[in-house]
């Protein structure tokens, strides 16, 4: 699948109107196996009894994958049950809205769309449903499609152990194990006609660590957003391919923690300039600008593949022969948006001939409304206040500072922005040195996540901070619900208490 042609990826509730497309997608996914698809009456029944359990992934309006589920009272499920026992001849009588386990009865990704980690999205959605509905966990009978190759010399138990030790590759079982599911027991005669698995299945479970006894109404709205800040090490790379391998390594790392955002620093791609060090500083950075489009395209592919929103820090970009400091928000639905540095530093203007940008906006994401200010821009309080007036929940500040003095300016101003705008502020910077790149010799950073200072937040306003000058990732959860409470019930209310009768802030249109 050419991901550069993808315009939109959506996870949507399955509807009866999707049936014919679903049937075709099912046949393609299961290789045209007879009776591999559901009848329309069965889909209609599933939607009617448990609509939030039936979802599809659509790419540019076409079904790319599907997940179907039931809720069961697990105490009533026999340990050695079959698939037919669960679906009760497709009547789904075992579905119990008051049950305690989410039981997966089908999941697939069409062959054309495999390799984009769409299956992970479906599994992550099931986990969120499980958490929101306060269920104990997820259970399903997992196929072993490669077992038929080994059934004469290995028992199912031996086969599973070899798969776990990576001695045998089983695409289904490997995928489930990599998504935090663990095998409980082997089910014999689970799915009639599944010759590839010799009709065996592995009962797989995922435990919901947030489960509490159902004495409260479960929270059905996700308010917690997980941030993954990448404290990037400046070092020599043998070209862009090696640099992008390191980029993917970090994206893979933070996505493994189910982060919603991966945040890179300002000018993280500067090491590429080493091969142009024989040129003047202004010419070298213009050579670097030629890579910006390609890097953005690669980041967009990674955002889709790893199901994570990526903030690209910043990169130089030439527009009508003028040099700007810009970055891109690559959403996991495939969309891309651009932001600009509005205040370039005196050094950027003098050495590189960089121009001030003119674009300031908030961005809607699947985790609330965000703002992005590049480094020096965070030191101008008017910018973040304009973004706060548009409803910003999280402000991201990718930065690059060479001294502790410069870093302190960014850090202290970022903390002030969190307090005065009642928002979270995440700063992400680079460490290390580039002795072979003029004007980029050394870096100082300590990435961090800052909060307002009120009773629901850390008293010092620091949610998390990295080790200074060490390459690492910083993962932190921020609760948007706490911001809502702060706006109305905080000890002080910086946004509401502004004297708009006395002063005001407004944009000047050019």
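The values are calculated or read from the model by the stated rules, or taken from the named source; none is laboratory data. What you see is a predicted model; the values in this text were computed from it and never measured. Neighbour counts run over all protein chains shown; Cβ positions are idealised from the backbone, glycine included.
Regarding the range 319-331, can at least one residue be identified that is part of a loop (DSSP other than H, G, I, E, B) and under 27 Å from the mean Cα position of the chain (by Cα)?
Yes, that holds for at least one residue.
Restricting attention to the range 23-60, and to residues there that are modelled with pLDDT of 90 or more, in a loop (DSSP other than H, G, I, E, B) and crowded, with 16+ Cβ neighbours inside 10 Å, which single residue is nearest to the chain's Cα centre (by Cα)?
54
Is the range 253-260 home to any residue that is surrounded by 23 or more Cβ atoms within 10 Å (Cβ to Cβ), in contact (Cβ under 8 Å) with a residue 40 or more places away in the chain, outside any helix (DSSP H, G or I) and assigned by TED's automatic domain parsing to the domain that holds residue 347?
yes
Go through the range 128-179 and report how many residues are within 21 Å of residue 80 (Cβ to Cβ) and in contact (Cβ under 8 Å) with a residue 24 or more places away in the chain.
Matching residues across the range 128-179 total 17.
Here are some conditions: (1) at pLDDT below 90; (2) out of contact with any helix residue (DSSP H, G or I) (no Cβ under 8 Å at 6 or more places or on another chain); (3) under 20 Å from residue 181 (Cα atoms). Residue 89 meets all but one. Which one does it not meet?
The failed condition is (3).
Restricting to the range 288-308, name every residue that is outside any helix (DSSP H, G or I) and either closer than 12 Å to residue 334 by Cβ or free of Cβ contacts under 8 Å to residues at least 40 places away in the same chain (or both).
290, 307
Within the range 356-379, track down each residue that is buried (at least 19 other Cβ atoms within 10 Å of the Cβ), outside any loop (DSSP other than H, G, I, E, B) and either out of contact with any helix residue (DSSP H, G or I) (no Cβ under 7 Å at 6 or more places or on another chain) or in contact (Cβ under 8 Å) with a residue 60 or more places away in the chain (or both).
Correct list: 363, 365, 368, 370, 372, 375, 376.
In the set 425, 397, 419, 431, which member is assigned to a strand (DSSP E or B) and over 23 Å from the mean Cα position of the chain (by Cα)?
That would be 431, the only listed residue that is assigned to a strand (DSSP E or B) and over 23 Å from the mean Cα position of the chain (by Cα).
Take the residues in the range 238-268 that are within 22 Å of residue 352 (Cβ to Cβ) and modelled with pLDDT of 95 or more, then tell me which one is nearest to the chain's Cα centre (by Cα).
264
Filter the range 335-355 for residues that are in a strand (DSSP E or B) and under 19 Å from residue 296 (Cα atoms) and give the result.
Once the filter is applied, which keeps residues that are in a strand (DSSP E or B) and under 19 Å from residue 296 (Cα atoms), the range 335-355 yields 336, 337, 338, 339, 340.
Testing residue 353 on (1) at negative phi; (2) in contact with a strand residue (DSSP E or B) (Cβ under 7 Å, 6 or more places away or on another chain); (3) surrounded by fewer than 18 Cβ atoms within 10 Å (Cβ to Cβ), one condition comes back false. Which one is that?
So residue 353 meets the others, but not (1).
Only one of 422, 348, 382, 317 is under 30 Å from residue 498 (Cβ atoms) and crowded, with 17+ Cβ neighbours inside 10 Å. Can you tell me which?
The match here is 422.
Taking the range 119-135, which residues are touching a helix residue (DSSP H, G or I) at 6+ places or on another chain (Cβ under 9 Å) and either surrounded by 19 or more Cβ atoms within 10 Å (Cβ to Cβ) or at pLDDT below 90 (or both)? I'd like the intermediate steps shown before the answer.
In the first step, residues of the range 119-135 are kept if they are touching a helix residue (DSSP H, G or I) at 6+ places or on another chain (Cβ under 9 Å); the result is 119-120, 123, 126, 129, 132-133, 135.
Passing the criteria: 119, 123, 126, 129, 133, 135.
Within the group 168, 109, 138, which residue is under 21 Å from residue 71 (Cα atoms), in contact with a helix residue (DSSP H, G or I) (Cβ under 6 Å, 6 or more places away or on another chain) and crowded, with 20+ Cβ neighbours inside 10 Å?
Working: 168 fails: under 21 Å from residue 71 (Cα atoms); 109 fails: under 21 Å from residue 71 (Cα atoms).
From the options 168, 109, 138, the qualifying one is 138.
Only one residue in 408, 488, 459, 428 is surrounded by fewer than 22 Cβ atoms within 10 Å (Cβ to Cβ) and either in contact with a helix residue (DSSP H, G or I) (Cβ under 8 Å, 6 or more places away or on another chain) or under 19 Å from residue 376 (Cα atoms) (or both). Which one?
408
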